[in-house]
Amino acid sequence: MVKNIFLALSLTLPLIGCVTTVPYVATTKHYSVDSDTYQSTGKSQRIKTIVLHYTVSDNERSIKTLTTGNVSAHYLILDKDDDKIYNLVPESERAWHAGDGGFSGRTVLNDTSIGIEIVNAGINPEYRDALKNSTLDYHPYDHYVEFSELQIKKVAELVQDIATRYDISPKNIIGHADMAPPRKIDPGAKFPWERLYKEYGIGAWYDEADKQEIMNRRTLVAPSVQEIKQAFRKYGYQINNSDEWDKPSRDVIYAFQLHFRPQQPTGVMDSETYAILQALNMKYAGRDDFY
């Protein structure tokens, strides 16, 4: 009897090893998707932000980095005389360009942004070690590398198109430094934000009259650190709650100055920086389109 059981098992086991998985076969569709009869009004574009970067590299290395590694961007603007803007990732897909940080209440910007990389060395070679063993905490204006005229024209045309198609708020056209002040400084002090605003209607910029009016107030009580930090948050910057201008807080000031007072990026909070911040809030606060 026992021998018969073992015989039966020995005949069954090889059959178990030969069992194959039945391939998946799609079922016949019986229903159609109707996209016309009903439409919701509670909706908005998924793309909310444009983030501008420089590559800190030349053309060849920038192409290799952005096409073969774990870093990517939707668009690449090379430093050469051609008529092309290179689309590396479809706008419908998520590029890996923003990383940790946030702006205007959003903290995962890769999900809701278009990333544009511009080939630029960033800091001139002779100044790259200037912050080591020196009294400098931040790179001044002269340390940065200029962008070519053709690059600026390409950026202008591309950003105008994207901002129009996705109805992007002017204040949500930002630099990498604006969303990640502790670790990024691109596109740097020589990226011409003011020119793009005045010549092409791109991005946000303050009104000089508002800035001067704020600076000329004689009876204004000096704002506290917390009041100034709240003003940064109101505009969109992420900044901590400490009662002092510690290094992370000064990184935010420096990023703000790179964008809105690039000739004097010091990382130090002063009356002009505060006036620019308040003028921007007068003009743009409450226009996020967060949803």
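Exactly one residue among V51, V22 is out of contact with any Pro (no Cβ under 8 Å at 6 or more places or on another chain) and either surrounded by 10 or more Cβ atoms within 10 Å (Cβ to Cβ) or modelled with pLDDT of 95 or more (or both), and that residue is V51.
For the range 63-116, taking the residues that are open to solvent by 30 Å² or more (accessible area, probe 1.4 Å) and among the aromatic types (F, W, Y), the one that is nearest to K48 (Cα to Cα) is identified as W96.
When each of A231, A204 is tested for being touching a helix residue (DSSP H, G or I) at 6+ places or on another chain (Cβ under 7 Å), part of a helix (DSSP H, G or I), surrounded by fewer than 21 Cβ atoms within 10 Å (Cβ to Cβ) and at pLDDT 95 or above, the lone residue that passes is A231. Which one is most open to solvent (accessible area, probe 1.4 Å) among residues in the range 142-153 that are closer than 11 Å to D79 by Cα and either assigned to a helix (DSSP H, G or I) or at pLDDT below 95 (or both)? That would be E149.
Taken residue by residue, the range 70-83 has no member that is assigned to a helix (DSSP H, G or I) and within 29 Å of D167 (Cα to Cα). Considering only the range 176-185, I want to know if a residue exists there that is open to solvent by 10 Å² or more (accessible area, probe 1.4 Å), part of a helix (DSSP H, G or I) and of a type in the set (D, E). No, because not a single residue in the range 176-185 is open to solvent by 10 Å² or more (accessible area, probe 1.4 Å), part of a helix (DSSP H, G or I) and of a type in the set (D, E). Being open to solvent by less than 30 Å² (accessible area, probe 1.4 Å), part of a loop (DSSP other than H, G, I, E, B) and either among the aliphatic types (A, V, I, L, M) or over 25 Å from R261 (Cβ atoms) (or both) is a condition met by no residue of the range 133-141. Filtering the range 254-286 to residues that are within 17 Å of I185 (Cα to Cα) and more than 17 Å from the chain's Cα centre (by Cα) leaves R261, P262, Q263, Q264, P265, T266, G267, V268.
For T273, indicate whether it is open to solvent by 20 Å² or more (accessible area, probe 1.4 Å), β-branched (V, I, T) and either without any contact (Cβ under 8 Å) to a residue 60 or more places away in the chain or more than 15 Å from S224 (Cβ to Cβ) (or both). Taking the combined requirement at face value, the residue does not satisfy it. Does the range 202-224 contain any residue that is over 22 Å from K154 (Cβ atoms), among the basic types (K, R) and in contact (Cβ under 8 Å) with a residue 24 or more places away in the chain? Yes, the range 202-224 contains at least one residue that is over 22 Å from K154 (Cβ atoms), among the basic types (K, R) and in contact (Cβ under 8 Å) with a residue 24 or more places away in the chain.
Sub-7 Å Cβ pairs linking a first residue in the range 79-92 that is closer than 18 Å to K64 by Cα to a second residue that is of a type in the set (F, W, Y), at least 6 apart or interchain, are I85/Y75; Y86/Y75; N87/Y75; L88/Y75, ordered by first then second residue.
Only residues that are without any contact (Cβ under 8 Å) to a residue 60 or more places away in the chain, out of contact with any helix residue (DSSP H, G or I) (no Cβ under 7 Å at 6 or more places or on another chain) and assigned to a loop (DSSP other than H, G, I, E, B) were counted in the range 122-132, giving 4.
The values are calculated or read from the model by the stated rules, or taken from the named source; none is laboratory data. All values derive from a computational prediction rather than experimental measurement. Ideal geometry is used to build each Cβ from the backbone, glycine not excepted, and the neighbour counts take in all protein chains shown. Side chains included, ligands, DNA and RNA excluded: accessible areas come from the protein's heavy atoms. Shrake-Rupley method; radii C 1.70, N 1.55, O 1.52, S 1.80 Å.
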